[in-house]
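Before any comments, here is the structure.
Laboratory data are not the source of any read-out in this text; all were calculated from the coordinates shown. Everything numeric here is computed off the predicted structure, so don't read it as measured data. Using ideal geometry, Cβ is built from the backbone for each residue, glycine included, and neighbour counts are taken over all protein chains shown.
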Ligand SMILES: [Zn+2]
């Protein structure tokens, strides 16, 4: 039988603001923090519980017994009012997590809100300063061991550097304006890890880092985003903030194994690790390779890019769940392991092809500077021979030139 307090709680849950999780926005929350006065989902409830009852006291709306005073507290506060307090000064560059985001992001968001109260006290937001220094574990380029490296972020210099020995020259200098940072915990095998993808002498390079402390990795992630947003604000002063936020680093739209054939009919199907990073569909021998084996640029559908399901044609051999990615230069024959996997790839690639190009989609990242017609780049750091890149459509090349002027 539904008791009086449970009925009151279910009524409160219908109020606008209370009908989604106060922390991640998931619909129909069925837990609550009764000292904070918020309705939350199960995943966020477990994070609240891990902070300790001195921060947050958690109960299930239906399975636990509620005191009158606790229900009263829920009535007095509620999600909207709590948001106004605990999210008062969230900096625009901060990535607010949504449902299904990586655990480290959601957990640190919740701890930042209620444990550290960072958004009530902006002076606690060390990541907005444009500079950061500290140590991260970095995976070796040639071997799989992780070593401690000092990293230094400097927005003014447009660099993220790392040092093997603290007082010696940096081992690597990453250009901040050409850097993407993504959480990829499953692939890296560490909860608090990030993948840094950037251009080095015209070649895409990946670096994998982690830190045992989730707060530290989250802080680095936000610091890179904040520095990039400041740069964009300078480069595009007329653009709205919401427009610029769309250009900040994103996690990969999809990653996984696919089979791929070469350009000739006699080429065998080979298993490759594919990563869709914005408009760049990269493939690798192994998930944690330092360099992609190749990249397929996905332009706009109006420029001759399309995706289709087909079992044959264009030199493709029979494969289990094949599909074709067609670019103006070449048709790529790929195949997924399962029907569901193929459907997932078709959906994200289709969305990419339909999305209008922005100037930043077409930064010079795919081509060496001053050579907009090139479609073969030498791999300076890899002995496996030249890497083919799709030739860009003229419109893309024009956008590149436009962006190069604004954003370099
Ligand atoms: Zn939630």
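What distance in nm separates the simple spin-label points at residue 242 and residue 142, each placed 7 Å from Cα in the Cβ direction?
With each label placed 7 Å out from Cα toward Cβ, I get 5.1 nm.
For region 199-296, what is the largest minus smallest coordinate of the Cα atoms on each principal axis, given in angstrom and ordered from greatest to least?
Cα spread of region 199-296 along its principal axes, largest to smallest: 52, 38, 25 Å.
Percent of Cα-Cα pairs per 5 Å bin, from 0 to the last occupied bin, for region 125-238, please list those.
Percent of Cα pairs in each bin: 2, 12, 22, 26, 22, 11, 4, 1, 0, 0.
Rank the residues 284, 48, 54 as a footprinting-exposure proxy: fewest other Cβ atoms within 10 Å of their Cβ go first.
With the sparsest Cβ surroundings first, the list reads 54, 284, 48.
Return the ratio Rg/(2.2 N^0.38 Å) for region 223-266, where Rg is computed over Cα atoms only.
1.95
What is the fewest-to-most order of 7, 99, 149 by other Cβ atoms lying within 10 Å of their Cβ?
Listed from fewest to most nearby Cβ atoms, that is 7, 99, 149.
Kindly put 267, 158, 277 in sequence by how many other C-beta atoms sit within 10 Å of each C-beta, fewest to most.
By the 10 Å Cβ count, ascending: 267, 158, 277.
Quick one: Debye curve from the C-alpha atoms of region 4-120, no solvent, what's log10 I(q)/I(0) at q = 0.09, 0.14 Å⁻¹?
-0.21, -0.51
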